[in-house]
Structures are given as C-alpha cells and as structure tokens.
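Quick notes on the structure that follows.
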Protein chains: 2
Amino acid sequence: MNYIEGGVCAPKGFTAAGMHVGIRANKEKNDLMVIFSMHPCSSAGIFTKNIVCSGPVKLNRKNIIAGNACAFIANSGIANACCPNCNENALRMQHAAAQALKIENEQVLVASTGIIGVRLPVEKIENNISELVSRLENSAEGSNEAALAIMTTDTRKKEFAISGEISGKTVTIGGIAKGSGMIHPNMGTMLCFLTTDCLISASMLDKALRNVCDVTFNRISVDGDTSTNDSMMILANGLACNNFITEENDDFILFESMLRDLCTRIARAMAADGEGAKHLITCTVLNSSSEQKASHIAKSIISSNLTKTAIFGCDANWGRVLCAMGYSGEKFNPDAVDIYFRSDIGTIKVCENGIGVNFDETLAKEILLRPEIEILANINEGKYSATCWGCDMTYDYISINGDYRT
Amino acid sequence: MNYIEGGVCAPKGFTAAGMHVGIRANKEKNDLMVIFSMHPCSSAGIFTKNIVCSGPVKLNRKNIIAGNACAFIANSGIANACCPNCNENALRMQHAAAQALKIENEQVLVASTGIIGVRLPVEKIENNISELVSRLENSAEGSNEAALAIMTTDTRKKEFAISGEISGKTVTIGGIAKGSGMIHPNMGTMLCFLTTDCLISASMLDKALRNVCDVTFNRISVDGDTSTNDSMMILANGLACNNFITEENDDFILFESMLRDLCTRIARAMAADGEGAKHLITCTVLNSSSEQKASHIAKSIISSNLTKTAIFGCDANWGRVLCAMGYSGEKFNPDAVDIYFRSDIGTIKVCENGIGVNFDETLAKEILLRPEIEILANINEGKYSATCWGCDMTYDYISINGDYRT
C-alpha cells in the first residue's frame, strides 16, 4: 500500500471539477463541485445522527439504499439546513446534476456545507451546472478544484489517495474532505467524498465504510458540536477489475484496511486543521478491558476544553487529563492510571498509579511546544487500546466563531 | 421570603472565619476557612460523580451518612486530588479542625479546591488552625472572610442568604460557593457550603438538597468539565425552633422552595462568573413533553462551544442553537421549534417552525450586547419547561486556562 497523488481522480474512471458560481461572495473561492464516474458504481454513505439535519442529508438517506449512485454534487457557503425549501432545493440540485450528466436523479448524491438557516440560491447552481460538468476531468487538477470548492473555515485542503494490490490488480481509493468547526462526528464527519475503482458489492462497500468510520471519523473532535450536515459517502466503479468482492474474504479485509488507512489520514488532517488549532492531539488509551471503553475515555480527553487549553499553553497539566477520564462515563481504577505526554522529541511520564510524579518541567514544555502532541493513558486492566484525535483550543477558535455569520 | 445580608452567618448560631495560611503564594489572599455551629446539626451533602475524586470527597462520602456534622473546613490553592497522601491529608485536615473545635473527627466535613496532582502542605493547616478557630465569629465579616478563602479564578464572591417563615418562625438559609472553571456539575458543583437554622431531620435535609441540586447546580455549565472536587453540603442546627420537619409536609415544601431560590441565585452567579465570561446565558426550553427532556435540551444548548462563542460575538446565530438541540440525544420535531433571543431591552424571534425568519439584525445585536441574555426554545409538544444557565466563551477563557498551573 502506498499514498499517491490525484485525490478523488486517482482511481480509474473518476472525473471531478470545481468552480465559483456565486453562492459565496469571494469570487476567488470555488463554491460548487461535481465528482462523476461514467461507469456504473456501487455506493454507500453514512450521515449525521443529529436529528436536525440538512435537506441533502434527508434526500441522500432515501437514495443511498439503492446503492447505485455514481455522482456527487456539493456546494459550500450555505448548509441548506433549517431554511424554507431546503428539501426542494436539495432535489433541484440533484436534478440539475442528473440532467447535465445524463443520468437518473437517484444516481446523484448531494451535499451542502456552510451557514445554517439561510436559503440556498439554487438557481445559481442550475445556471452554472452545464459549465461545471463541461470542466470535468480525470486529473489531479480536477480533484484539486473539487477539494477547494468544499472548504469553509479549513486552512488546508484535505485530499489523499492510496493504492494497493487486491487479487493481483492495483486498486486505488481517493478522498477529499472538509472540516473544520462543528466537528464531533457521530457517524461520518462534516463532508467526506471517497472514490474507488475497486470491484465490490454495495453491501460490502457499506460494511467497510461503517467499520472504518467507527475507528476514524467517529474518533475525532474539534469542538464537541455534531453538525447538521455530516456526510461520508463512497462510489466504487469496479474499473480495477479485481475479483468481485461480495463477502468478508481476504480481499475485503485488504480493501477495508486500505480504506481505514486513507480515512485515518483524512481524520487526522481534519483534527490538525480544527478551527484555530495550533496542535494536533493524538490520544491513546492503553490496556483497557475493551476497545470501546478505551475509545470513550480517549474521546473524553480530547473533547475536554480544559485539556485543550492546557495543550495550547504547552502546560503539562495532566490533572485535567485524569479528570476528563474520570467523567467519561466509563469505569476504571483511577489508582492504576499512568499518563505520558510525548512528541517527536521525546516522552515524559507525568502520572503513575493515579498520582503525579516529579518530572522535568522544561523538557515537558519542549515536548508540548511541538505541533503534534500525543497523550498516552495506560489504565492497566486489559489488552485493548484505542486512539482518538483532536486539537488544542486557542484564541483563534474564539475569533473564528465569535462572528461567523458576518 | 427575602434575601438578606450575612451569608453563612445569617442563620442563627453559625460562626465563620477565613485567613491566609500559606497554601497560596499571594499573602493577600485567604486560603483556609472554617464554618461551625456549636449547636448540634443535621447534615447532608452531594458530591461529584467523577470517578476520579479528591481525598476530601472520599472522606465526606463516609462521614455524611451519620448526618450529624456541624463544621466545614476548606482550603483553596490545591485540590488535594491525585497526589500522594491525599486521603491521609484529608484526614489530617479533619482531625486538626475537630481538635481545635473540640468535636469528633466525624463531625467535620472537609473540602479542597485548586490544582490537581500537587501535594497539600497540610502542616500549614495544622499550624494555623487554632488561630483560625479563634477568629470564628457570627457576623457578616466572618462569612465574608470564609467566602474569600474558597475563591480561585472567581472574580466575584458568591455569598447569599434568604429568610422566610416556617410554622410561625423565621428560618434562614445562608450559602457561599466558588466557581468558576471545570464547571459542569454532575451532582453538586465545585464547592458550595450551606447553613440553616431550620429544624429538620437529616433525611429530609438530604431529600431537599438532592431535589434542589437537580434544578440548580446540575443545570449550569461553564466548560463541560466535571470537576474531581464538586461538593455541595449543608448544616442545619435547628435554632429557628420551627416545628421539626421529618416528612414531606407543607413546611418541607416551604423549606425546599427557600433552598431552591437561594441555590438558583448561587448557580446563576456561578455561571455569570464563569471563567472569562462576558455574558450570563439563561436558556429555557418551553412546552416539552417532560421536564427532564427540556432540561437535557437546554443543557445541550448552553454547553455548545459554538453557541457560546456566537453569544460572545453578539451574533444571533440561532442555527447553532437548533443544531445543539438536535444532538442533545432527545427526540423532538425540529420542524416545530421556535427560537427567541431576549434581554432586558427586548425579545426577538429568530426561528419559527424550524426555519429562520427575517429579523432586525441591529435590534438582535443590541439585545445580545447586554450582559444577561436569554435563549428561549419552544418545542411545542407539551406543557413542561426547564431552565439552564451558562456563559459565553471568550478570549479570556483561553488565557486563564492556557497556563493555569504556572
């Protein structure tokens, strides 16, 4: 397996394009994108558990069942949630794309991201869809334009691709995604579009997507707010011509592990680019009696505002880590917990058996000054571990969100 | 019922004192306090649900069962949690106070607040306890010194008293408390000490305390972090000579409503003085099918970082409010929700039937510029409502917590 260039256009047969159509004020910024496979696809998707959800999410929930979508259309700037006609506008977006691509409405998956409660100017999409579709190309540039079109407060593009061999054939998976606030996924995350040329049935694709989502996007948090628009969707056109995957065999396991690697990378990038973030925090809980317990405790740590501000201040305040573990809702023995902080320049033990140890504060500060920090919590009760990702909480988080609408 | 001066010394027979004994570096700041009733008391207490908890919390859990405590001792500066000898040091603190007050160890309830994981210099308490006890007085000044001694990042003292008539006698309840970070109580809150001269059995006192805690301290959040030291305790010495309250009769209801009023005032003060707060946010969910559901939804709103930063920016971003309602875990119909923002200068409807309405942005800004903001969410499904209190999230929250230990 290795990472390659090309994003969602890295797998065979996928084209992509992005452009500015006027949903956002800034003309320099793409705000609409399409990703398309002319070849038929298996498809699967996972959506927000927030009961307040966008028009596109409601529409996709119906269409995803057929498992034969082959196109994504998405805009940024306006979330198309909690506004008049949001269901109708999601349908119009879908219909416009279907007409331009000459496919059925039901084969188009729709997504929106941006401000909640504002009407989507869907006519701008309808007026420009032909132009956008004419720009579709199977190239790194096509994927790049699409990736740019879904960014909101993201400072960095999230675009990755991975390839590996399955039953003697090269299989590739590509993905683009956007963060970077209202990130506490309880299903997929804000928006993530995946493509693959793997030959795989819709039900196996769905299974792989759910397994991977649980250990990647469901393990990150920027601010504890689960969005109304979370969507993670995948199209698989089968052009890799590998043996058709229709059961949980070795090929399935290989495909799932590729998908997991790719989504881990995207999820980490999302956490690292959390609104205002200066540090990526990777938190691993070790030696738990179950993986689920380990992941709940780790998620509680990375979601704690007090832990997040301490990391911003490069302060080895492990008491806040232990405190956040304690209110995770999971049972463990506090007197058996060891805590370490680490980064690329070293590791320091700060707590042993639930009690602070004397440690070199200067070294601790140096470790925490690095952009990628790890918190290790060993609960010494079993053999399972789990990792979650988050980011620090900074002045910039406040300034970004103190006046987002204006 | 009316509010009076005197704090914990307002009820008959209670003395209090506070002084600096050297636990904190700043010599101007009291760091140890005692509250005492020479007359026997009924007592009750509620403590953090965090499974990582301080030495004092563990000790009080044992002693509270007898229901005959008559003294509080508490220090600020160090939490006496997750450090070597924290259980032993809580015992030593209790013993020192008992000796100086000439009562049994088990009659002293102990509390600490401050940094987690640092050893408590208990000998400073032992060396100064006689001096502190000699300063005990039944006066507003005694309560004031005690209230000052438990403050940490609080900018304002929390000290209130209420009096009313029960079975023809004047009954008074006094309280002091401290916030102002790691506030997301799941039981009592950080520290709250209550005194009353009401004649009431320990079991009825416990019942009133639990009922009141559920609708006051368990309904505030500053930062979503439940502390290791949360404690809410009450002593009742019976000097009001009202009819002995031993069952849920009218007198009990009267006492509970007094306690509720007082604790609501303390809880509001705690939320308003949340770390870095510029706005007190009162959130009421109206017309729910149950009170519990209403309180869960309201708590989800006031705990949302995105709602909190929007209020800091005086931005009427109701989409974040609806979004936070949606991930509260409670079921309701999003298409039936109306949302209003209000303050002392007016009320504005921003969302109707789950959809944004056109509103006067200038008026909205003016409303949100006021120090006390109300968010009303009507879910139009029943007859129950609930109120929670929180605060906005500001640059100061980050600066206070970015480097708390140093």
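Taking every protein chain into account, the 1.4 Å probe leaves A:ILE345 with about 80 Å² of accessible area, to the nearest ten. The chymotrypsin sites (Phe, Trp or Tyr not before Pro) found in the stretch B:246-332 include none that occupy coil by DSSP while having at most 10 further C-beta atoms within 10 Å.
Across chain A, Cα-Cα pairs more than 37 Å apart make up 24 percent of the total. For chain B, the Cβ-based charge dipole about the Cα centre amounts to some 740 debye (Lys, Arg positive; Asp, Glu negative; other atoms uncharged).
Based on Cβ point charges of +1 for Lys and Arg and -1 for Asp and Glu, what charge dipole magnitude is obtained for the protein assembly as shown about its Cα centre, in debye rounded to the nearest 20?
Values: 72 positive and 90 negative charges, 22 e Å.
Charge dipole of the protein assembly as shown: 100 debye, to the nearest 20.
In chain B, the beta-carbon sitting nearest the axis that superposes B on A belongs to the residue given here with its distance in angstrom, B:TYR395, 3.
A point 7 Å from Cα along Cα→Cβ stands in for A:ASP360, and the other copies hold the same point at 6.4 nm, listed in rising order.
Note that the stretch B:374-384 has calculated 3J(HN,Hα) couplings of 10, 10, 10, 10, 9, 9, 6, 9, x, 10, 9 Hz, one per residue in order, obtained from phi through the Karplus relation 6.51 cos²θ - 1.76 cosθ + 1.60 (θ = phi - 60°); glycine and proline are x. Selection among B:THR155, B:LEU91, B:GLY238 by position relative to the dipole of chain B gives B:LEU91 as farthest towards the positive end (Cβ unit charges, Cα centre). Karplus-based coupling profile of the stretch A:332-349, in residue order and whole Hz: 7, 8, x, 7, 10, 8, 10, 10, 10, 10, 8, 8, 5, 9, x, 10, 9, 8, with θ = phi - 60° in 6.51 cos²θ - 1.76 cosθ + 1.60 and x standing for Gly or Pro.
As I understand it, the value is the acute angle between the Cα axis of helix B:250-272 and the longest principal axis of the Cα atoms of chain B; what does it come to in degrees, rounded to 10? Once rounded, the angle reads 70 degrees. Cross-link partners for A:LYS207 among the aspartates and glutamates, with Cα-Cα distance under 12 Å and sequence neighbours closer than 8 places in the same chain left out: A:GLU247, A:GLU248, A:GLU256. Taking the charge dipole of the protein assembly as shown about its Cα centre, with +1 at Lys and Arg Cβ atoms and -1 at Asp and Glu Cβ atoms, the residue from A:ASN229, A:ASN358, B:ALA202 reaching farthest to the positive side is B:ALA202. Shape class for the stretch A:245-385, computed from the alpha carbon gyration tensor (a ≥ b ≥ c): oblate, with a/c not under 1.5 and a/b at or below b/c. When only alpha carbons are used to place a centre, the stretch B:1-77 and the stretch A:48-84 end up 54 Å from one another. Put a plus charge on the Cβ of each Lys and Arg, a minus charge on the Cβ of each Asp and Glu, and nothing anywhere else: the dipole of the stretch B:165-266 about its Cα centre is then about 240 debye.
Relative contact order, whole percent, for the stretch B:1-148 stands at 35, derived from Cα pairs under 8 Å and 6 or more residues apart. Plainly put, the tip 7 Å out from Cα toward Cβ on B:LYS58 is 5.4 nm from that tip on each other copy, the closest given first.
Of the trypsin sites (Lys or Arg not before Pro) found in the stretch A:305-385, those that fall in a DSSP loop while having at most 11 other beta-carbon atoms within 10 Å are A:LYS331, A:LYS383. Comparing B:MET258, B:LEU322, B:VAL285 along the charge dipole axis of the stretch B:254-380, the residue lying farthest to the positive side is B:MET258, per the Cβ-charge model.
From its DSSP helices (H runs of at least four residues, each -39,500 (n - 2.57)), chain B gives a residue-normalised ellipticity at 222 nm of -10000 deg cm²/dmol. Listed by chain and number, the lysines whose alpha-carbon sits under 26 Å from that of A:LYS157, ignoring those within fewer than 8 places in the same chain, are A:LYS12, A:LYS27, A:LYS29, A:LYS49, A:LYS124, A:LYS178, A:LYS278, A:LYS299, A:LYS308. Pairs of Cα atoms nearer than 8 Å and 6+ residues apart set the relative contact order; for chain A it is 17 percent. Projecting 7 Å from Cα along the Cα-to-Cβ direction, the label point of B:ASN26 sits 4.1 nm from its equivalents in the other copies, listed shortest first. For the stretch A:59-69, putting each phi into the Karplus relation 6.51 cos²θ - 1.76 cosθ + 1.60 with θ = phi - 60° gives couplings of 5, 5, 4, 6, 6, 5, 4, 5, x, 10, 5 Hz, in residue order, rounded to whole numbers and with x for Gly and Pro.
The values are calculated or read from the model by the stated rules, or taken from the named source; none is laboratory data. The shown structure was predicted, so the numbers you read here are calculated from the model rather than taken from an experiment. Because the Cβ atoms are built from the backbone with ideal geometry, glycine has one as well, and the counts that use them run over all protein chains shown. The area values use the complete protein model at the heavy-atom level, side chains included, leaving out ligands, DNA and RNA. Shrake-Rupley method; radii C 1.70, N 1.55, O 1.52, S 1.80 Å.
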